[in-house]
Amino acid sequence: MASWIFSVLNDLFQAGRGTNTTFLTDQHVPSTDLTGKWIIITGSNNGVGFEAAKLFASWGANLILACREPPAWELHPTAAMNQCKELALAYGHSSTIEWWPIDMADLSSVDAFCQRWLQCDRALDILCNNAGIAEPTKQTPITKDGFHMVHQVNFLSHVLLTLRLLPSLARSAEPRVICTTSCFHHLGIFDLERFNSEEGSRGNAYRNNKLYYQMWVVELQSRLLKNPEYLHITVNGIHPGFVASGIWDGLEDAGNAPSGLSLVLRYVAITSQQGGLAIVNAATSPEFGPDPKKQGVGAQTGRGGGKYINRIWEGPMKAYCNDSEARSRLWIKLDEELGLQEKGLLTGLGL
C-alpha cells in the first residue's frame, strides 16, 4: 500500500511539474540556420504548432503545414501559410512553405498525405507530430475508422504517419521526430483492454493516450537503434507546457470545459509562443539530437532519443515508459489496430 501511495504521489508531482512557467528567451532557444531543411509539422495552423512553424520559417526552413480544414475558431491554414511566408521573406529566405491537407481523424487522409510526400522524393529532416484535441466536440466521438476520436487524432494517426515516412527520414543526415506528448502522461492508465475507449471520468482518453504515445516514443527509438538503416533517426516526446492555446476553444464552445478552466488558463498557463519555443528547441538543440556513440552522427553533447522533454528540460517518465514488456505489448496492440505488419511498415523493426 505504501509503495502504491508513493507511486500515485510521484505521478501527481511529475504531472504538476508540467506547469513550469519559466519564461523562455533566445538565450534558452538560440537561433539555428535551417536553410534547405525540410520540416513537416501537423496541427500547424493553431497554437503551439503555428508558433513553432513561424519560428522554423524565420530560420529558413522549407515547411509543409499539415493541417485539416479547421473549425471556425481556428486560423485557416492558408492564412497560417501566408504568415509563415511573410516571415521567411522578412528574414531574407526564399523557402518553400505550403499547406497540405491532412485529417488525423481519417486514416486514408494520412495515407494520402504520406504518398504525396514520398512521391516528391525528398529527404525529410524534421517531423513534428503535434496535432491533437482535448476532447471530441461532436455528438459521436467515433471516427469513420472506428476509433475513439482522441485515440486516433492524438496517437494512432501519428504512429501511422511516422512509420510511413521513415524511409524519407532515413535519407536525412540527422533526422528528428518530435512528438507532442504531455505531462499528463504521468496521470495515464495503462489498460490495453480499454485501449480504444473513453471510460470513466472526462479526459481519461486524453491522458491515457499521452501515456501510450510516450511509451511508443521510447519503444520506437529502441527499435530504430537496432536497424542500421534507421539508427541515426532521433525520436523524442515533448511537453510544450500548459499552454493557453486554441486546443481549449472547442471545449468552451461546446460547453465541455472543466470548471475553472478559464481562470487556470488566465493565471497559470503559458502562451502559445512559449510552447512553440519548446517544440523548436526539441527539434534543433544539439542536446536533444542524436547520441554520436550510439547513432554515429551528431554533436558530442547529444543525448539521443527516447526521452521525455518537459518544455526544454529532460524529465522523468512514468514507470510504464521504462517497462520493455509493457512497451512490447503496446507495439503488438498497435499492429492489431492499424495492420502495420500487413502494410509492410514494421520491416526491420520487428513485431
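The values are calculated or read from the model by the stated rules, or taken from the named source; none is laboratory data. None of these values were measured; they are calculated from a predicted model. Neighbour counts run over all protein chains shown; Cβ positions are idealised from the backbone, glycine included. Ligands, DNA and RNA are stripped out before the accessible areas are found, and what is left, the full protein with its side chains, is counted by its heavy atoms. Shrake-Rupley method; radii C 1.70, N 1.55, O 1.52, S 1.80 Å.
What residue, of 156, 127, 161, is within 12 Å of residue 213 (Cα to Cα), at pLDDT 95 or above, in contact with a helix residue (DSSP H, G or I) (Cβ under 8 Å, 6 or more places away or on another chain) and of a type in the set (A, V, I, L, M, F, W, C)?
It is 156.
Can you name every residue in segment 314-338 that is open to solvent by less than 20 Å² (accessible area, probe 1.4 Å) and more than 30 Å from residue 13 (Cβ to Cβ)?
Within segment 314-338, just 338 meets the criteria.
Can you name every residue in segment 1-59 that is charged (D, E, K, R) and either at pLDDT 95 or above or in contact with a His (Cβ under 7 Å, 6 or more places away or on another chain) (or both)?
11, 33, 37, 51, 54 - these are the residues of segment 1-59 that are charged (D, E, K, R) and either at pLDDT 95 or above or in contact with a His (Cβ under 7 Å, 6 or more places away or on another chain) (or both).
Would you please list the contacts, defined by Cβ atoms under 7 Å and residues six or more apart or on different chains, that run from a residue in segment 85-96 that is over 9 Å from residue 57 (Cβ atoms) to a residue that is crowded, with 17+ Cβ neighbours inside 10 Å?
What qualifies is 96/62.
Please determine whether any residue of segment 182-204 is crowded, with 23+ Cβ neighbours inside 10 Å, without any contact (Cβ under 8 Å) to a residue 60 or more places away in the chain and over 18 Å from residue 279 (Cβ atoms).
The answer is no, given that none of the residues of segment 182-204 is crowded, with 23+ Cβ neighbours inside 10 Å, without any contact (Cβ under 8 Å) to a residue 60 or more places away in the chain and over 18 Å from residue 279 (Cβ atoms).
Residue-by-condition table, conditions (1) modelled with pLDDT of 95 or more; (2) of a type outside the set (S, T, N, Q); (3) closer than 21 Å to residue 242 by Cβ:
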site	(1), (2), (3)
174	yes, yes, no
184	no, yes, yes
199	no, yes, no
205	no, yes, yes
212	yes, yes, yes
215	yes, yes, no
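Of all residues in segment 293-324, which are among the aromatic types (Phe, Trp, Tyr) and in contact with a helix residue (DSSP H, G or I) (Cβ under 7 Å, 6 or more places away or on another chain)?
308, 320, listed by residue number.
Within segment 93-108, can one find any residue that is among the acidic types (Asp, Glu), part of a loop (DSSP other than H, G, I, E, B) and either touching a His at 6+ places or on another chain (Cβ under 7 Å) or surrounded by 13 or more Cβ atoms within 10 Å (Cβ to Cβ) (or both)?
yes
Just checking: which of the helices (runs of 4 or more DSSP H) contained wholly in segment 234-351 hold 3 or more residues that are modelled with pLDDT of 90 or more?
Details: elements: 249-254, 261-267, 272-284, 292-295, 324-338.
Those helices (runs of 4 or more DSSP H) span 272-284, 292-295, 324-338.
Conditions first: (1) open to solvent by 60 Å² or more (accessible area, probe 1.4 Å); (2) in contact with a helix residue (DSSP H, G or I) (Cβ under 9 Å, 6 or more places away or on another chain); (3) among the hydrophobic types (A, V, I, L, M, F, W, C); (4) farther than 26 Å from residue 153 by Cα. Residue 24 passes all but one, so which condition is the exception?
Unmet for residue 24, out of (1) open to solvent by 60 Å² or more (accessible area, probe 1.4 Å); (2) in contact with a helix residue (DSSP H, G or I) (Cβ under 9 Å, 6 or more places away or on another chain); (3) among the hydrophobic types (A, V, I, L, M, F, W, C); (4) farther than 26 Å from residue 153 by Cα: (1).
Of the residues 44, 31, which single one is surrounded by fewer than 20 Cβ atoms within 10 Å (Cβ to Cβ) and either over 22 Å from the mean Cα position of the chain (by Cα) or not aromatic (Phe, Trp, Tyr) (or both)?
Of 44, 31, the one residue that is surrounded by fewer than 20 Cβ atoms within 10 Å (Cβ to Cβ) and either over 22 Å from the mean Cα position of the chain (by Cα) or not aromatic (Phe, Trp, Tyr) (or both) is 31.
Only one of these is buried (at least 17 other Cβ atoms within 10 Å of the Cβ) and assigned to a loop (DSSP other than H, G, I, E, B): 134, 88, 80, 123. Name it.
134
Any residue in segment 207-231 that's open to solvent by less than 10 Å² (accessible area, probe 1.4 Å): show its pairings with residues that are hydroxyl-bearing (Ser, Thr, Tyr) and in a helix (DSSP H, G or I) at Cβ separation under 6 Å, as long as the two are six or more apart or on different chains.
Qualifying pairs under 6 Å: 215/320.
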